[in-house]
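The values are calculated or read from the model by the stated rules, or taken from the named source; none is laboratory data. Quantities reported herein were computed from a predicted structural model and do not represent experimental measurements. Here the Cβ positions follow ideal geometry from the backbone for every residue, glycine too, while neighbour counts run over all protein chains shown. SASA here: full protein model, heavy atoms, side chains in, ligands and nucleic acids out. Shrake-Rupley method; radii C 1.70, N 1.55, O 1.52, S 1.80 Å.
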Amino acid sequence: MIKNIIFDFGGVLVKYDFPAYFTKVLGSREKGMWFMHNILTDENNDKLDKADKPFDEYMKEWKQKWPDYILAIAAFDKHYTDIFTGEVPGMKDLMKELKAKGYQLLGLSNWSTKVFDVMDKFPEIFALLDGYLVSHQVHLLKPHKEIYEAFCKKFDVSPEDCVFIDDKAVNIEGAKSIGMHGIVFKHTDQLKAELKTILEND
């Protein structure tokens, strides 16, 4: 029986716009996209989220490797929350509805230690969570099954009692690999419809 609704953070609870942020910081979209394609790559972002080393150490390494972008790297570090532009429309109300029906609301996200700054920026929506596990806390990443297993162990939940919501299909496949239900998030209305079907058929 489904008792737990699990939410990814970025792209599901809060909106972000990395291209716009780096375009503003660097003065042109071309430079902003270069930064993302060469510095803030998926590989480097995964390293931040896994946090085998402190965030500050990665920033020092980046500044040494890309000295022409020291100011942009410093801005990324010191003004990180500017990348996040607001709550995803409708999600807070949906979470309140689910909580009122008795579901436990939990979070599971790939994120560096900077997640806490973002949570502080949007306190209302994150306060609706009954708990969360973030990748940097366990040095594990979605979609690898170990992080889902660590999540279930932390909250003492069974995978089949969980619905996981993430905006990346690969992360939903990871959740399904251990027996969770999953929904690839596109927008709130789509989520409501798919979640209703899962819960009614449970």
Those residues of segment 134-159 which are in contact with a strand residue (DSSP E or B) (Cβ under 9 Å, 6 or more places away or on another chain), assigned to a helix (DSSP H, G or I) and either within 23 Å of K186 (Cα to Cα) or hydrophobic (A, V, I, L, M, F, W, C) (or both), in sequence order: S135, I147, Y148, A150, F151, C152, F155, P159
All positions within segment 102-133 that are aliphatic (A, V, I, L, M), in a strand (DSSP E or B) and free of Cβ contacts under 8 Å to residues at least 40 places away in the same chain: L133
Residue that is farthest from H181 (Cα to Cα), among those in segment 8-19 that are in contact with a helix residue (DSSP H, G or I) (Cβ under 8 Å, 6 or more places away or on another chain) and open to solvent by 40 Å² or more (accessible area, probe 1.4 Å): D17
In segment 41-65, residue surrounded by the most Cβ atoms within 10 Å (Cβ to Cβ) [restricted to those that are more than 30 Å from L128 (Cα to Cα) and in contact with a helix residue (DSSP H, G or I) (Cβ under 7 Å, 6 or more places away or on another chain)]: W62
Pair list, Cβ < 7 Å and 6+ apart or interchain, from segment 38-63 residues that are farther than 13 Å from Q137 by Cα to residues that are modelled with pLDDT of 95 or more and outside any helix (DSSP H, G or I): I39/W66; D46/L141; W62/I39
